[in-house]
1. Let me know the charge dipole size of the chain about its Cα centre in debye, to the nearest 20, where only the beta-carbon of Lys, Arg (+1) and Asp, Glu (-1) is charged.
2. Given the Cα-Cα distance of Tyr92 and Arg35 and 0.36 nm per residue of separation, how much length would full extension add, in nm?
3. Grab every C-alpha pair in the chain, bin the distances at 5 angstrom width from 0 up to the longest one, and report whole percents.
4. Using a probe of 1.4 angstrom, how much of the accessible area of region 44-95 is carbon and sulfur, in percent?
5. Full-extension gain between Phe71 and Val52, please, as 0.36 nm times their residue separation minus the C-alpha to C-alpha distance.
6. Sort Tyr64, Tyr92 from largest to smallest accessible area, using a 1.4 Å probe on the heavy atoms of the protein chains.
7. Efficiency by 1/(1 + (r/R0)^6): what FRET value for Met1 and Leu83, r their Cβ-Cβ distance, R0 = 35 Å, to the nearest 0.05?
8. Among the GluC sites (Glu not before Pro) within the chain, which fall in a DSSP loop and have no more than 16 other Cβ atoms within 10 Å of their own Cβ?
Amino acid sequence: MSTLSTHVLDAEAGRPRVGVPVRLERDGAVLASGRTDDDGRLRFAEELEPGVHRLVFEVDTPFYPEITIAFRVTEGHLHVPILLSPFAFTTYRGS
């Protein structure tokens, strides 16, 4: 089983993005949801089974109302951060 965390960083403001609603989904079902904390982080308590999952970030920028990141769970802890600006974002597999 795997665990998951995420981090939302606001590149324009130069600080973490606080209070972003985030949903964890698999096969169209919502497994968990929460909001980023004062450091822009969210750790999900659920243990994840192998397979394709999605994180849906309700970022509400001028261009992106939400961002969906699909990723494959294999094993161990996964960290999926996003770096956000009004008209762009990037993500990577963190540690």
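1. Values: 10 positive and 14 negative charges, 31 e Å.
Roughly 160 debye for the chain.
2. Numbers: separation 57, 0.36 × 57 = 20.52 nm, distance 1.98 nm.
Additional length available on full extension: 18.5 nm.
3. Per 5 Å bin, starting at 0, the Cα pair percentages come out as 3, 13, 27, 27, 17, 9, 3, 0.
4. Details: 1610 of 3020 Å².
Ligands and nucleic acids excluded, carbon and sulfur reach 53 percent.
5. Details: separation 19, 0.36 × 19 = 6.84 nm, distance 0.56 nm.
Extra length from Phe71 to Val52 when fully extended: 6.3 nm.
6. Values: Tyr64 50, Tyr92 130 Å².
Solvent-accessible surface, decreasing: Tyr92, Tyr64.
7. Values: r = 28 Å, r/R0 = 0.80.
For Met1 and Leu83, the calculated efficiency is 0.80.
8. Values: sites: Glu12, Glu25, Glu46, Glu47, Glu58, Glu66, Glu75; in loops: Glu12, Glu58, Glu66, Glu75.
Filter output for the chain: Glu12, Glu58, Glu66, Glu75.
The values are calculated or read from the model by the stated rules, or taken from the named source; none is laboratory data. Note that the structure is a prediction, hence the values are computed from the model and not measured. Cβ coordinates were reconstructed from backbone atoms using ideal geometry, including for glycine residues, and neighbour counts include every protein chain displayed. Keep in mind that these areas ignore ligands, DNA and RNA; they rest on the heavy atoms of the full protein, side chains included. Shrake-Rupley method; radii C 1.70, N 1.55, O 1.52, S 1.80 Å.
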